[in-house]
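**Student:** One structure, as structure tokens, below. Some questions next.
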């Protein structure tokens, strides 16, 4: 049929890819250890009783229980979304235990009282919860499974008037704020997973930055999924009042497991007039073994609402983990002159699948948004960018720039781009560009000729490819992200 | 709650109405084909299967991905019925008004989907070139069609293509033997004339080029008056090895017309296809361009220009599948929107696992001239091979005030300046049309539409 058989080409590129870098590509999951700790866990299954039990255990007020129940009833009627380019066996929602809290003797007053096994776990992960935290200047609200066990720097934040606590505490201590904002950006009925999350969320973070306050430090929460068969349903709510600024860091690792673990978090951001929220994520959950067994299902709904004029919300994410990622951090640009940003690096290797992207909904006048998405797909990795830019009829002078680039490593990987662009205003300016390619032989040759090993060369080229996104990360995170990327990918070049 | 239930009931009703409508169209035609006694066995079987597919297929709704931005409601509401008898009353004088002045070409004319001997003016065709009516060829030489007709569009095709297969009666056939060379272009005029009740014509066209054959085809969709009608046409194109086809398509249907085209292209090794699609007319126009490669080193170049104003929806869907290595595809579409015009662009480049060294680029650029116009664009890449060069780009913008200012400061009126800038934007695509007479004609058509456009 053809002069050059297709197999010859495939075989050639295979010789390039496979063999040389097996060690690196096949490197196991570094953070795969399990901490044995007593958990107070509800038996698997979900019905109204379980929802009530969760609410009761957390000592929640009546309105919260009702809110959960309403969400649960709606959820029962909702279909599971099937449009994403990901494949997995159906999830049995009755086989999941919906509550798991590490047993505490008493609420810890300081770090000394925190269970030492927990602290050891954090240290293994390199979380600067002790001296490091002071050096790094980060306040860490560490979430171990579903309940916050240690909160640091709260005093200092308290002085500034910033509220940084677990969402359960917020329900108790600041019910008026929670009631005012919870579910206003991501309603429980938004999609199947938000419905589930709203019914059974066990913990998460609440941040409120008062008017004209610049949060004195970067806020950070490390999540860690620990107990087997426990889905994690985090709920994060961040409110930046007029003229305030906050930068929030989220990072996660999980121990090696054989069974798929479901993670369906909801993150809501609200920026009022002149406020700015910067939300950064490094996600490195267990991606499953080389055959795709195990690994986290990461079905997350993240959305920011630029409610006020001149407000700004910026999402930055580095996604290297999870078996399946389904995640679209979005911005609703409601206020005039508001700004939305999305910077993303996503890596899929082994059998990982990712369907990720963003939505920028332009409603206000002179709103602008920037999307920079970098996808790297190696081995059998599958990746899709799925994005929506909608410019409403009343969004005069809206501006969007979108760039999404994919890098393919190995001939079994795939990369897709599904952008949706809807423009209903003639003064809008909208640009979208996308490319898909592999690391060129010339680039590699150039580096090799200057004495770099092939792994270093690839690492350098990939880091260069992602630089635009890394530049957006806070310093500590940028270092961690680069390391993560190197570990994830080095050498897998075609 | 009750509103939601209401709307879901309405949706069900609409779906039922649509299904009934489709059945009527596909079923009626099958009887027609059988009773006319012209259908060969293989073709009858194809029709039967197509009718089955129409029956089995779910009715598209706003939730179907390929109909997300293009509602079918307005189409269904017209209650179109199948064209029955051929219209023979026209004389060559009647079509004078739709001709392109100064265009030197072999001319084939179809009226309401049926080939018209009386109006066609083919002149002398070179050796190895056959042009004529599909119905005739089914009667006289069906073997020449077997294995080509209905095979390129394939079974997995679009609902409307299946409908067309089930119901087709006539259309144009253009066959070039191996090595045949068509120096003068062939102009195909698809003329629609309004009937008493709104009619749908479902013509089927086949263009097949043997190895090394070369041709230039100009298709034009025109109408007499502002008639209300629907055209559901399917065009199957087959290019042999080293074949070359230049294909210009100018859609200038009546402002009330509904237009559906499925263009299915199959390209063998080293073949080259250059298609230019100009979409100007109709109130609702949907075009699907589908390309498959059956040999390596083939090149496919799709370009397009669309203009949509008040009460107009123009929708282009593209599906370019790279299943083999070393093929090249280009898609370049530009749109100008004014008034309450709406445009939809949905392009997919699919690169299969073994299609290494694929080179694909897609671009869609839109110029919005008024506050109420809307464009929905969705350029997609789906890539399963790593050694590829693929890109897409899309923009939506308006005329730069600086450019307008520059022209105005040289004494040019605002409206003329706008028109000049739009024509400059469109020029790149119009240039690719081929014969100068056609380029001038399309430039004039575009200019006229822009002149009438309500600019705000």
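Coordinate-derived values only; no laboratory data. What you see is a predicted model; the values in this text were computed from it and never measured. Please note: Cβ atoms are built from the backbone with ideal geometry, for glycine as well, and neighbour counts cover all protein chains shown.
**Student:** Other chains' Cβ within 10 Å of A:432-442 residues: what's the mean?
**Tutor:** 6
**Student:** Can I ask one more? Rank by packing, highest mean first: peptides A:312-320, B:400-408, with packing defined as the count of other Cβ atoms within 10 Å averaged across residues.
**Tutor:** Result, highest mean Cβ count within 10 Å first: A:312-320, B:400-408.
**Student:** At a 10 angstrom cut-off on C-beta neighbours, averaged per residue, how do the peptides B:208-217, B:64-73 rank from highest to lowest? Please list the in-between numbers first.
**Tutor:** Details: B:208-217: 21.5, B:64-73: 16.3.
Final packing ranking: B:208-217, B:64-73.
**Student:** Also, quick follow-up: Could you tell me how far the Cα centroid of segment B:239-261 sits from the Cα centroid of segment B:382-456, in Å?
**Tutor:** 20 Å
**Student:** Also: Within a 10 angstrom radius of each residue's Cβ in A:393-401, how many Cβ atoms of other chains show up on average? Whole number is fine.
**Tutor:** What the average comes to for A:393-401 is 1.
**Student:** Report, in deg cm²/dmol and to the nearest 500, the calculated mean residue ellipticity at 222 nm for chain B, where each DSSP H run with n ≥ 4 adds -39500 (n - 2.57) and the sum is divided by the residue count.
**Tutor:** -8000 deg cm²/dmol
**Student:** So if each residue of separation counts as 0.36 nm, and I subtract the Cα-Cα distance between residue B:58 and residue B:311, what length gain in nm does that give?
**Tutor:** Working it through step by step, the gained length comes to 88.3 nm.
**Student:** Partner chain Cβ atoms within 10 Å, averaged over the residues of B:392-404 - can you pull that number for me?
**Tutor:** 5
**Student:** Sorting check: for B:121-133, B:99-111, which peptide has the highest mean count of neighbouring beta carbons within 10 Å, and how do the rest follow? Mind dumping the intermediate values first?
**Tutor:** Details: B:121-133: 14.2, B:99-111: 19.2.
Put in order of decreasing packing, that is B:99-111, B:121-133.
**Student:** Any idea how far the Cα center of segment B:312-355 sits from the one of segment A:42-101, in Å?
**Tutor:** Here the two parts' Cα centres lie 42 Å apart.
**Student:** Using r as the Cβ-Cβ distance of residue B:93 and residue B:423, and R0 as 35 Å, what FRET efficiency do you calculate, to the nearest 0.05?
**Tutor:** In this case the efficiency is close to 0.60.
**Student:** Which order do B:336, B:430 fall in if you start with the one that has the fewest other Cβ atoms within 10 Å?
**Tutor:** B:430, B:336
**Student:** Set the Förster radius R0 to 51 Å, insert the Cβ-Cβ distance between residue A:48 and residue B:81 as r into 1/(1 + (r/R0)^6), and round the FRET efficiency to 0.05.
**Tutor:** Once the sixth-power term is evaluated, E becomes 0.40.
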